[in-house]
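**Student:** If you scroll down you'll find the structure; I have some questions about it.
The values are calculated or read from the model by the stated rules, or taken from the named source; none is laboratory data. Because the structure is a prediction, the values reported are computed rather than measured. Virtual Cβ from ideal backbone geometry, glycine too; neighbours counted across all protein chains shown.
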Amino acid sequence: MTMLIRLLVCTLFFAQGGCCEAIVLPENQVRQGFAEVNLAVESEGTWTADSLQCEILWTTLLDVTNDGKWRQLIPAMFHGGAAYVPMETLYRDNVCLDIKNTRGQIVESIGIGLHQDKPLNLTLKFDKNNHLVDVIHDGGTGRINYSGRYNNILSDFGTTIITSAKDWEDSNRFLEWQTQSMMPENLKSLTTADLTDDERQWIESDLTRTYCATRILPYVRMAKTWGVDFVGVNPDNIKQPDVEFYRFLNDCDFSSVMLNDFSHSLRFVCGNLLRDLPLGITPIGDKPVSDWQADTKARLNVVIDNPSQLLLDLLTMTSFFNQIQYDSIPLSEAQIENVRSFYGNSEIGKIILSRNENPFPNVFH
């Protein structure tokens, strides 16, 4: 499968049309801080900065929802043409900026790239009919999703073809169908998009990882629910595959690229790794973080060669967050001490303890 993914990536790179200059970004990292956004309006019509309501909607690291359907959205409002967006990573792309009229109706939504060290300066240009015709941007990550470039990719990604029950009841057939047919077919959505090389690589990496973690990894669980309801799978025919089945995860990028998660929540990726891998990974509980990570890494090594420290940290956070948010059980004194002992004054430790104090920070309904 490794060769398949490499061939697919090369094909996607060379298939792109004309696009703007590539943007080189620093390595993303877990980091609490604020991203500054400055907004100006140029209009041939009646729009002014005062007649528009603009808000930025973003999600926290390893975001979670109360209803299990919608991602947690947190609004940052503009005051005097400036907004300061709390962020838990150094930079974040494809953050939603909603432009509304005075009645609260959305005029336009665009995706912007935020960077804690580089203020984003935006100028919205409207024609005489008050239609948004251009967005001039400087700073931030240097990327902007104007005219729905990224959304067009998502609209073509994620299609699930209802195939025969035979493809579900045999794990080898299911894996071959997904990795050699369905996943490459979904990733074709990247070939027609006007993207820079770094954008294409970033999005392809995220979509591949997300597809593997949400479509293939939970094979047993999906076969006994979705497969039964829509394909007529006989649940008695679904058997737990051998561990070798899950080696496809070794072709996913678990580096810091994960932190720039494009379209899906890392919570689904990390949550499914903890829930669906038949490796005996247990909740962290009162175990010292170093012991739990060492045990988890040894178990992951069976399917993922040399799991990154970032992946182990995200899984640690996810295990703690599952207890705090899903089970509604605050961290024990022993767990708090374990977090402080292992993470010290680091950003990850601060985030874990802040979730313990406020499990659902500023949830926007």
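**Student:** Between a residue in segment 276-302 that is within 26 Å of residue 239 (Cα to Cα) and at pLDDT 95 or above and any residue that is exposed (fewer than 13 other Cβ atoms within 10 Å of the Cβ) and of a type in the set (S, T, N, Q), which pairs come within a Cβ distance under 7 Å, given they are 6 or more apart or on different chains?
**Tutor:** Close Cβ pairs (under 7 Å, with a partner that is exposed (fewer than 13 other Cβ atoms within 10 Å of the Cβ) and of a type in the set (S, T, N, Q)) amount to 278/240.
**Student:** Out of segment 1-60, which residues are at pLDDT 55 or above, under 27 Å from residue 135 (Cβ atoms), among the polar types (S, T, N, Q) and not in a strand (DSSP E or B)?
**Tutor:** 28, 46, 48, 51, 59, 60
**Student:** Just checking, which of 189, 181 is over 18 Å from residue 247 (Cα atoms), part of a helix (DSSP H, G or I) and out of contact with any Lys or Arg (no Cβ under 6 Å at 6 or more places or on another chain)?
**Tutor:** Just a single option satisfies the conditions, and that option is 189.
**Student:** Going through segment 193-211 one residue at a time, which ones are in contact with a helix residue (DSSP H, G or I) (Cβ under 9 Å, 6 or more places away or on another chain), over 17 Å from residue 269 (Cβ atoms) and either crowded, with 16+ Cβ neighbours inside 10 Å or without any contact (Cβ under 8 Å) to a residue 40 or more places away in the chain (or both)?
**Tutor:** Once the filter is applied, which keeps residues that are in contact with a helix residue (DSSP H, G or I) (Cβ under 9 Å, 6 or more places away or on another chain), over 17 Å from residue 269 (Cβ atoms) and either crowded, with 16+ Cβ neighbours inside 10 Å or without any contact (Cβ under 8 Å) to a residue 40 or more places away in the chain (or both), segment 193-211 yields 193, 195, 199, 200, 201.
**Student:** Look at residue 315 and say whether it is without any contact (Cβ under 8 Å) to a residue 60 or more places away in the chain and outside any helix (DSSP H, G or I).
**Tutor:** No; evaluated as a whole, the condition is false for this residue.
Residues checked against (1) over 20 Å from the mean Cα position of the chain (by Cα); (2) polar (S, T, N, Q); (3) at pLDDT 95 or above:
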{"site": "111", "(1), (2), (3)": "no, no, no"}
{"site": "123", "(1), (2), (3)": "yes, yes, yes"}
{"site": "131", "(1), (2), (3)": "yes, no, no"}
{"site": "162", "(1), (2), (3)": "yes, no, no"}
{"site": "180", "(1), (2), (3)": "yes, yes, no"}
{"site": "185", "(1), (2), (3)": "yes, no, no"}
{"site": "188", "(1), (2), (3)": "no, no, no"}
{"site": "197", "(1), (2), (3)": "no, no, no"}
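**Student:** Any residue in segment 135-157 that's farther than 21 Å from residue 115 by Cα: show its pairings with residues that are of a type in the set (Ser, Thr, Tyr) and modelled with pLDDT under 95 at Cβ separation under 6 Å, as long as the two are six or more apart or on different chains.
**Tutor:** Note: pairs meeting the criteria are 153/189; 154/263; 156/189; 157/189.
**Student:** Which of the residues that make up segment 256-289 are assigned to a loop (DSSP other than H, G, I, E, B), under 15 Å from the mean Cα position of the chain (by Cα) and surrounded by fewer than 18 Cβ atoms within 10 Å (Cβ to Cβ)?
**Tutor:** The answer is 263, and nothing else.
**Student:** Inspect all residues belonging to segment 227-239 and state whether any of them is in contact (Cβ under 8 Å) with a residue 24 or more places away in the chain and of a type in the set (S, T, N, Q).
**Tutor:** Yes, there is a match, as at least one residue in segment 227-239 is in contact (Cβ under 8 Å) with a residue 24 or more places away in the chain and of a type in the set (S, T, N, Q).
**Student:** Looking at segment 127-171, which of the residues that are in a loop (DSSP other than H, G, I, E, B) and in contact with an Asp or Glu (Cβ under 7 Å, 6 or more places away or on another chain) is farthest from residue 216 (Cα to Cα)?
**Tutor:** 128
**Student:** Restricting to segment 290-311, give me the number of residues that are surrounded by 15 or more Cβ atoms within 10 Å (Cβ to Cβ), hydrophobic (A, V, I, L, M, F, W, C) and under 23 Å from residue 29 (Cβ atoms).
**Tutor:** Final tally of qualifying residues: 5.
**Student:** Could I ask something else about it? Tell me the residue from 329, 324, 304, 336 that is under 14 Å from residue 285 (Cα atoms) and assigned to a loop (DSSP other than H, G, I, E, B), please.
**Tutor:** One residue alone meets the criteria, 329.
**Student:** How many residues does segment 84-126 hold that are free of Cβ contacts under 8 Å to residues at least 60 places away in the same chain, among the β-branched types (Val, Ile, Thr), assigned to a strand (DSSP E or B) and surrounded by fewer than 15 Cβ atoms within 10 Å (Cβ to Cβ)?
**Tutor:** So the answer is 1.
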